[in-house]
1. What number of residues within region 466-504 are more than 22 Å from the chain's Cα centre (by Cα), assigned to a loop (DSSP other than H, G, I, E, B) and polar (S, T, N, Q)?
2. Can you spot a residue in region 230-250 that is aliphatic (A, V, I, L, M) and either under 29 Å from residue 373 (Cα atoms) or in the same structural domain as residue 481 (by TED's automatic domain parsing) (or both)?
3. Any residue at all in region 452-462 that's touching a residue at least 60 places away in the same chain (Cβ under 8 Å), in a loop (DSSP other than H, G, I, E, B) and more than 30 Å from residue 181 (Cα to Cα)?
4. List pairs: first residue in region 52-71 and more than 12 Å from residue 40 (Cβ to Cβ), second residue surrounded by fewer than 19 Cβ atoms within 10 Å (Cβ to Cβ) and modelled with pLDDT of 85 or more anywhere in the structure, Cβ distance under 9 angstrom, at least six positions apart or on different chains.
5. For region 5-48, what are the residues that are among the small types (Gly, Ala, Ser), surrounded by 17 or more Cβ atoms within 10 Å (Cβ to Cβ) and more than 16 Å from residue 71 (Cα to Cα)?
6. Only one of these is crowded, with 20+ Cβ neighbours inside 10 Å and within 19 Å of residue 504 (Cα to Cα): 440, 469, 459. Name it.
7. Can you name the number of the only condition in (1) touching a residue at least 12 places away in the same chain (Cβ under 8 Å); (2) of a type in the set (Asp, Glu); (3) in a loop (DSSP other than H, G, I, E, B) that residue 252 fails?
8. Being closer than 21 Å to residue 105 by Cβ and of a type in the set (Ser, Thr, Tyr) is the filter; apply it to region 49-93 and report the residue that is surrounded by the fewest Cβ atoms within 10 Å (Cβ to Cβ).
Amino acid sequence: MLQQKVAEAYNLHQNGDLDAAKRSYEDILQIDPHHVDTLHLLGLLSHQTGAWIDAERFFHSALIVKPDFSQIYGNYAIYLKDQKRPDEALASYLRALDITPGDLDLNFDVGVFFHDQDRFTEAVSYFDEALKIRDDYAAAHSNRGASLRELHRYEEANSSFEEAIKIDPSHALAYSNRGYLLKNLSSFEKALVNYDRALQIDSDLAEAHWNKGVLLLLLGHFSSGWTYYEWRKKTTHKTGERSFDAPLWLGDENLSGKRILIHWEQGLGDTIQFCRYIRSLSQSGAHIFFGPQAPLKALLSSLDANFQIVDIDDFSMEIDYHCPLLSLPFACKSNLETLPKQTPYLFADPYLVQKWRSSLGSGGVKIGICWQGSRSKGDFGRSFPLSHFNIFSQIPGIRLISLHKGDGESQLLDLPQGMTVETLGDEFDSGPDALLDSAAVMKCCDLIITSDTAVAHLAGALGVDTWLALRLVPDWRWLLDRTDSPWYPTMCLFRQQAEGDWESVFSEMKKELLLKYSSLNPRLT
């Protein structure tokens, strides 16, 4: 009789009548407070409705009653992952697999977990385990391919995508995943074909829309690219998606006399690059609140525009609209011809400029350098070893000055014999405000040479001469087959001609360096 009540409550749950399902589950617990299936299902429902404390309480109670119930551990792991408690989530997943090691869905879910944690080798091993259990599991082949792609095992990745599509020709995500792989292999037209095939199958597949948008932007098709790029808000990670009491503004409403909050998304470099649109927006007559990342507030207060820097978590702020920062190009209908190109739009603190100018002195050709971004999967291939700068260090009159902070800084302790890189001491950019010293030092340098990092965007925004070293298929904002950047007029782009070939990039930069400065310093000829 009790199981019949559970079945009826679960049917309400499955049909979306969550309030009725919750009441029914609670009625069952009045009869049997230790009914494990009901405790488990209430944990799921509480997680589903955002009642986090209740969810944890019900999962714990269910596991006390039945500590060998692997399904509860699996669902509890999903809850912990959503709560950004990955270590506990992994422990719960592995406990579930200890109990039922041959569970297909668990092995697949653990593979997805490891992929989301950028632990791609482990992800592949669990997808392989799932495929040992069922070799015609299309989703496991597709996800395996996605992890192999991140490991740059491209041929194996493509085989996995092809196998997924062979098993299930309507597997939209497999086409989308293969499109992303083909983009990385410079097969841009084939990538677009795969994205379009994915969207023919599933017109709501956010990842395919977004990835197509990124590729269109890379190809310079900005008008259509921004439209697809808006789908980033609906992807798994919901980039740029935040909730406010005010409606989203995407360019349709007149802003004159209105209050709009522009809020940051993605990295520091993105904020530095796209804050230029606030200057354009300030001409609309709107009262603009800008919420950047906290470490950038001091730097961005120099932005040449009429706006007010705020904390985006200040819920007392009264606004009429809000807009994520990277939606401004879409809202402003920006294309290659109309994007705001004027630099500088950020400015270094004059006091700090004078301080660092005195510290650095006036001798030699001063080149500020940076070689690595944050350690993440997105950084793979865009950074290079510091030792590549040795080709410049050997030129008389050249001074290499490190602007680098964070991941990769330890390379300064292991320089090639004869290579010299000046460092700026512990006080350099040491406070809570990011990049203030970097901006000042850049204004004291003759040239900045960097990988694709926030340093590149800051140098461009300051209007200083900058050389940017780019991988074969760069981030979309650097476009293809051009040596200049429409975003930064003082920037010159040096591109790989083959994947991983930094030697030729630095060789070309050395030639340009000798030409650029030989007239200023005869010792460079």
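1. Final tally of qualifying residues: 4.
2. no
3. no
4. 52/82; 52/83; 56/83; 68/99
5. The answer is 9, 21, 24, 46.
6. Unique residue meeting the criteria: 469.
7. Of everything listed in (1) touching a residue at least 12 places away in the same chain (Cβ under 8 Å); (2) of a type in the set (Asp, Glu); (3) in a loop (DSSP other than H, G, I, E, B), residue 252 misses just condition (1).
8. Residue satisfying both the conditions and the ranking: 70.
The values are calculated or read from the model by the stated rules, or taken from the named source; none is laboratory data. Every value quoted in this text rests on a predicted model; they were computed, and no experiment measured them. Here Cβ is always computed from backbone atoms with ideal geometry, including for glycine, and neighbour counts include all displayed protein chains.
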